[in-house]
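A quick write-up on the structure given underneath.
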Amino acid sequence: MNDRLRELPNLLAWENGEQVASSVDWSPGRRDEILDLFREHVYGRAPVERPASMRLRTHETTDMMNGRAVRKTLSITYEGPGGQGELPFVLFVPKEATKPVPAFVLINNRGTGLADPDRQRVEGFWPAELIVEKGYAAAVFQVEDVDPDEHDGFRNGVHGLFDSPDEDRAGDAWGTIGAWAWGASRVMDALEADPAIDAKRVALVGHSRVGKTALWAGAQDERFAMIVSNNSGCTGAALSRGKKGEQIEHINKQFPHWFADNYKQYNGREAELPVDQHMLLALIAPRLLYVSSATEDAWADPASEFLSLVAAEPVYQLLGHEGLGTDVMPEPDVPISGETCGYHLRTGDHDLTTYDWQCFLAFADARLRNSLNE
Ligand code: GCU
């Protein structure tokens, strides 16, 4: 056993030290305890789930991709004490589908240029044509439409709408990653309402800061059948204890708005954190989970991303499934998968590429189409 695994908080021991005896104790049970620890110490608590005022509007339906897909432009509106918000998103649905199709949702933090809804520019970051060709719907939303990626004192975006302006901010109040995860759940609400979509087979994908977001969204919202975390690194897939590259202190100093204020107490004190990131991955069990790394991405630390997936395995097993099924890190460009989890290490830089998507799609073809939800 890798020595780093011995240092981790025990997934299967209750906070009072007793062992989790069987799958019956997982959910409701130990799973809720772990989820609450992440809310309290890391990502913060969202003050609202689906707002009662939420409305969905379809603006336009257009034939695209040489008639192979229909593009829908939609928006979700909601009201909070601080005013009204609007989250636009785009959805391509394969035209030849005769029944509801599974979908891939990309959370995008890199601007519409890399995920162009008009397809004037086609990039590997969001190969919507490839996704559609394989029979999936492809949806995308922009993070800045939910919450700006800057430290604005939580005045703008959904924080400005739903946080109480009068009180001091609580140590466990949600940060920006929590807000983006909330946005992903609202898009899920919208997909559930669309008869063209098989909402029991929706995969949520994020790269880097939104890879962290995809994991947090999937941990909280069990409607997502598959989560893909690409190069998510620190406070994403990667274990914090013993991590190389970016550490908790770096991330909290450079991005003070991403997490709950409480998380700053763990700057340089990873060992005192009551959770580690394998526990976040385990919150996705028994659903499908794909983690991907890149050889040049030392800041994210591929070895710590892989080991985290290995360390989540006991929960998949507790629930009667195989996770990744191995603790041997594969060679670059050799994707591996077990019954419910997949992993690859791509040669190259911190990025989301067509190769990564081909691996996600191959995993989904094998696992999501016959998912555990049926
Ligand atoms: C920075 C940050 C990472 C993050 C990355 C990104 O490098 O330190 O934690 O994942 O930005 O979002 O691309």
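Observations, loosely collected:
- Evaluation of PHE38 against the conditions (1) within 30 Å of SER164 (Cα to Cα); (2) part of a loop (DSSP other than H, G, I, E, B); (3) in contact (Cβ under 8 Å) with a residue 40 or more places away in the chain; (4) not hydroxyl-bearing (Ser, Thr, Tyr) shows that the sole unmet condition is (2).
Residues are listed down the side, and each one gets a yes or a no for (1) under 22 Å from LEU87 (Cα atoms); (2) touching a strand residue (DSSP E or B) at 6+ places or on another chain (Cβ under 9 Å):
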| site | (1), (2) |
| --- | --- |
| VAL101 | no, yes |
| LEU106 | yes, yes |
| ASN109 | yes, yes |
| THR112 | yes, yes |
| PHE125 | yes, yes |
| PRO148 | yes, no |
| SER164 | yes, no |
| ASP172 | no, yes |
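Conditions tested, residue by residue: (1) in a loop (DSSP other than H, G, I, E, B); (2) surrounded by 17 or more Cβ atoms within 10 Å (Cβ to Cβ).
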position	(1), (2)
VAL70	no, yes
THR77	no, no
LEU87	no, yes
GLU96	yes, no
ALA103	no, yes
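- Check on GLU60, more than 16 Å from the ligand (Cβ to nearest atom), surrounded by fewer than 14 Cβ atoms within 10 Å (Cβ to Cβ) and under 21 Å from the mean Cα position of the chain (by Cα): no
- Boolean, THR340 is of a type in the set (S, T, N, Q), more than 14 Å from GLY135 (Cβ to Cβ) and more than 16 Å from the ligand (Cβ to nearest atom): yes
- Residues of region 204-223 that turn out to be touching a strand residue (DSSP E or B) at 6+ places or on another chain (Cβ under 8 Å) and crowded, with 24+ Cβ neighbours inside 10 Å, as a count: 12
Okay, residues lined up against (1) under 23 Å from the mean Cα position of the chain (by Cα); (2) within 14 Å of TRP258 (Cβ to Cβ); (3) not in a strand (DSSP E or B):
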position: LEU114; (1), (2), (3): yes, no, yes
position: GLN120; (1), (2), (3): no, no, yes
position: PHE125; (1), (2), (3): yes, no, yes
position: PHE141; (1), (2), (3): yes, no, no
position: PRO148; (1), (2), (3): yes, yes, yes
position: PHE154; (1), (2), (3): yes, yes, yes
position: VAL158; (1), (2), (3): yes, no, yes
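- Here VAL328 clears all of (1) farther than 23 Å from GLU222 by Cα; (2) among the hydrophobic types (A, V, I, L, M, F, W, C); (3) part of a helix (DSSP H, G or I) except the condition numbered (3).
- Total residues in region 151-196, condition within 16 Å of LEU106 (Cα to Cα), in contact with a helix residue (DSSP H, G or I) (Cβ under 7 Å, 6 or more places away or on another chain) and surrounded by fewer than 23 Cβ atoms within 10 Å (Cβ to Cβ): 1
- Consider region 343-374 and keep the residues that are surrounded by fewer than 17 Cβ atoms within 10 Å (Cβ to Cβ) and within 16 Å of the ligand (Cβ to nearest atom). The one that is nearest to VAL210 (Cα to Cα) is HIS350.
- Selection count where residues are free of Cβ contacts under 8 Å to residues at least 12 places away in the same chain and within 19 Å of LEU309 (Cα to Cα), scope region 332-374: 1
- Filtering region 135-189 to residues that are of a type in the set (Phe, Trp, Tyr) and under 21 Å from HIS41 (Cα atoms) leaves PHE154, PHE162, TRP174, TRP180, TRP182.
- Region 277-296, residues that are under 15 Å from GLU246 (Cβ atoms) and either surrounded by fewer than 24 Cβ atoms within 10 Å (Cβ to Cβ) or among the small types (Gly, Ala, Ser) (or both): SER293, ALA294, GLU296
Coordinate-derived values only; no laboratory data. This one's a predicted model, so the numbers in the text were calculated from it and none came from an experiment. Methodologically, a virtual Cβ is constructed for each residue, glycine included, from the backbone with ideal geometry; neighbour enumeration extends over all protein chains shown.
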